[in-house]
Amino acid sequence: MYFPCSVMSGEEEKIIQQILEEFQVMAQRVKRLQKECQQLKESPPAGVTCWPEGDNLELFRAVLRGEEGTVYSGGIFHLEVEVPERYPFLPPKVRFLTKVYHPNIDSAGRICLDLLKMPPSGSWRPLHNISSVLTSVRLLLSSPNPDDPLMTDIAEEYQFQRPQYEATAKEWTAKFAQSDDPEDRQSS
Amino acid sequence: MALSEFCSHFPLLCPRCRPSKPPHEFCGFVDIGGVDREVRVETPHFPRVEGMRISSDTCLQELVVSHMDQLLEAQKTSSTALEYLQKFQKVCSEAVRCDNRGREEGELQVELNESLVRCLLAHLEGLGWSRVQQVSPNFTSFTLQTRDAGERVHLLRVRVADGYPHEEPTVEADLPGGFEFNYEPSEGVAGVVRVWEARLASLQEFWDVMDQIDKVALVLDPPTPCRHHTFRRLLLGNQVNVQVTLSPQQPRHLPQCLLFGPSKRTRPITTRLTHTYEEWDAERSFVENLEHLLGESVVRECGGVEGVEQEVECPICYSLHFQGSLPDQPCEHCCTPFHAACLYDWLSSLPAARQSMNIITGECPYCSKNITCKIPV
């Protein structure tokens with residue numbers, strides 16, 4: 001037995017088609033992110049801690065520990081990882097919340113790293129994941145790339161006045177990268 | 001947006017649709033007065049209300065029949081499917097509440113088709129109650145079970161109409177090649193069961209072989225093998241896997257073998273197979289035979305796919321099964337397997353990829369060498 005409905009006319013099929021395609025892609029993305037979460041929890045990469053913020057797997061928070069023997073040693077750096085809807089077909093957006101003195105990281109925390117950009121200018125591949133991205137970011141922190149700088153002043157200083165760069169970087173690490181709460185950076 | 005709004009209001013309704021089509025149907029449950037009631041919603045013009053039909057179990061139907069005027073009113077004033085279903089939910093909840101009050105006053109009525117029930121009871125008794133696994137409250141459908149010679153449990157789902165036994169019942173059985181029978185009204189369901197059990201008996205050898213494969217080898221596909229499945233996808237290692245399709249009539253004979261993997265690795269195996277296929281020995285076990293013919297060892301069962309996941313899953317979506325297919329699109333250079341759908345999604349987001357006819361060419365996400373992919377339908 002059926003309950004009645006009135007019959008009207010009109011067409012919205014294209015919109016619905018798009019919604020459905022988005023649904024399928026979303027399910028695929030969630031499944032992958034769940035696996036990534038598990039891996040981040042069970043076997044986190046060296047010096048990296050990362051966890052999802054909230055339940056929707058759209059935003060992750062991460063902490064990098066500065067590598068020993070570098071000017072960032074002893075620092076605790078907070079980051080934010082934003083996972084786009086089209087992930088893994090688009091790279092995650094990674095941003096430092098802690099203030100860093102670095103040729104490839106600007107004052108807003110943005111990072112210049114080719115892995116975080118789409119080809120042809122960047123080298124993002126869907127085979128990379130949050131874990132490998134954070135490992136690369138930590139590597140970039142220890143070994144800056146002055147040939148592709150975001151902060152030209154710091155890059156020049158890094159190349160030609162290394163002691164001065166090292167002193168400032170150490171100072172910033174001691175000053176900003178010691179707190180458990182990244183919001184502290186705003187106060188100074 | 002319309003769909004996600006709909007789903008957030010009715011999370012227990014599952015949309016069903018053909019690929020790239022709006023949901024033409026929702027199946028699942030709607031909360032009616034605190035109880036989840038099974039409903040089916042047809043939405044030919046989702047998200048709009050037109051043509052929408054809601055069907056439910058008989059209990060709910062009988063309750064709502066007296067509130068038809070309210071539903072007609074609700075349908076006139078609704079513009080979206082969501083709006084109408086919400087009103088439907090409200091009307092039904094109200095009807096259930098009134099009925100509960102009536103029930104307390106002792107006005108409970110159960111309407112059963114007496115002659116049908118009597119006839120069915122007699123037929124089921126004739127079959128033996130041990131064979132009856134489940135009967136629906138209104139006596140229109142039931143499930144029968146039986147154990148075959150190999151101690152495997154089989155189920156037969158039967159749905160009868162008011163005209164039973166003259167009218168043929170609808171039956172569902174998990175058998176390879178479907179289940180066909182000549183219905184004899186004088187025998188009723190007993191005749192169907194006799195044919196069914198004869199079919200089960202004739203398939204014993206087939207299932208013995210299938211069970212043996214499942215026990216010994218790691219099965220990639222089907223994800224949950226059923227009795228009707230005649231194929232198994234087995235992992236050979238080295239990014240090569242083989243799909244064997246058995247004949248239910250001659251399960252110990254040479255099966256149809258289809259190799260999947262990078263062609264540089266599958267080609268030698270295929271060549272070998274053209275020479276060795278005559279050496280298939282019906283006396284040997286299936287897996288041993290297969291290993292002998294292919295010259296490759298079959299990966300053994302080791303507690304599910306979890307152990308070899310890294311090796312077989314698609315590195316883009318991190319899963320083995322996606323939209324019903326396996327990662328069957330290998331890179332011919334580095335041999336990494338991808339799902340065609342995942343690979344296409346990636347290649348088509350690259351400006352450097354070239355598309356001609358239904359083939360897209362780009363760089364392998366793993367080794368950056370050339371890779372081509374058929375555009376999935």
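Values for this structure:
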read-out	value
Extent along principal axes [Cα atoms of chain A; Å; largest to smallest]	82, 33, 33
Radius ratio Rg over Rh of the protein assembly as shown, counting only Cα atoms, Kirkwood formula for Rh	1.07
For chain B: relative contact order, % (alpha-carbon pairs under 8 angstrom, 6 or more apart)	7
Within the protein assembly as shown: Cβ-based charge dipole about Cα centre, in debye rounded to nearest 20 (Lys, Arg +1; Asp, Glu -1)	1220
Shielding of B:311-321 by partner chains, average beta-carbon count, 10 Å	4
For region B:2-108, diffusion coefficient by Stokes-Einstein and Kirkwood Rh (Cα), 4 °C, 1.567 mPa s, µm²/s	90
Dimensionless Rg ratio for region B:88-196, taking C-alpha atoms and the 2.2 N^0.38 Å reference	1.37
Partners for B:K87 among lysines (Cα-Cα distance below 17 Å; same-chain residues under 8 apart left out)	B:K76
Cα point-scatterer Debye curve for chain B, base-10 log of I(q)/I(0) at q = 0.09, 0.10 Å⁻¹	-0.82, -0.95
Interface size A-B, as summed buried accessible area [1.4 Å probe, Å², nearest 100]	4000
At most 10 other Cβ within 10 Å, DSSP loop - GluC sites (Glu not before Pro), region B:109-148	B:E111
Charge dipole of the protein assembly as shown about the Cα centre (unit charges at C-beta), most positive-ward option of B:V91, B:M68, B:S78	B:S78
Accessible-area order (highest first, 1.4 angstrom probe) of the listed residues B:V171, B:V41, B:V153	B:V153, B:V171, B:V41
Region B:322-374: C-alpha gyration tensor shape, a/c 1.5 cut-off, then a/b vs b/c	oblate
Distance (nanometres) between label positions extended 7 Å along Cα→Cβ at B:R300 and B:A201	3.7
Rounded tilt (10° steps) of B:68-77 against the dominant C-alpha axis of chain B	60
Computed helical MRE - 222 nm, chain B, DSSP H runs ≥ 4 contributing -39500 (n - 2.57), nearest 500	-10000 deg cm²/dmol
Gain upon complete extension [B:Q250, B:M357; 0.36 nm per residue less C-alpha separation]	34.4 nm
B:D214, B:D162, B:D31, A:D55, reordered so the largest accessible area comes first (probe 1.4 Å)	A:D55, B:D162, B:D31, B:D214
Where region B:322-374 is the region considered: accessible area per residue in Å², 1.4 Å probe	48
Crossing angle, helix A:162-176 versus chain A [Cα axis fit, 0-90 degrees, rounded to tens]	60
Helix-only CD estimate at 222 nm, as mean residue ellipticity for chain A, using -39500 (n - 2.57) per DSSP H run (n ≥ 4)	-12000 deg cm²/dmol
Subset of A:K41/B:K369; A:K31/A:K170; A:K93/B:K21; B:K21/B:K374 violating a 30 Å alpha-carbon distance limit	A:K41/B:K369; A:K31/A:K170; A:K93/B:K21
Cα gyration tensor category, rounded, prolate or oblate, for region B:205-306 with a/c compared to 1.5	oblate
Cα-based reach from A:K14 at 14 Å (exclusive), listing aspartates and glutamates while leaving out same-chain residues under 8 positions away	A:E22
Region B:114-200: relative contact order in percent, alpha carbon pairs under 8 Å with at least 6 residues between	20
Anchor B:K215: aspartates and glutamates whose Cα lies under 18 Å away (excluding residues fewer than 8 positions away in-chain)	B:E151, B:E205, B:E288, B:E291, B:E301, B:E306
Cα-projected label distance for B:R97 with B:S368, points at 7 Å along beta-carbon direction, nm	6.9
Dipole magnitude of chain B about its Cα centre (Cβ charges: Lys, Arg +1; Asp, Glu -1), debye to nearest 20	1200
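The values are calculated or read from the model by the stated rules, or taken from the named source; none is laboratory data. Please read these numbers as outputs of a predicted model, since none were measured by experiment. Note: ideal-geometry Cβ built from the backbone for every residue, glycine included; neighbour counts use all protein chains shown. Each accessible area value is taken on the protein alone, full model and side chains, heavy atoms only, with ligands, DNA and RNA left out. Shrake-Rupley method; radii C 1.70, N 1.55, O 1.52, S 1.80 Å.
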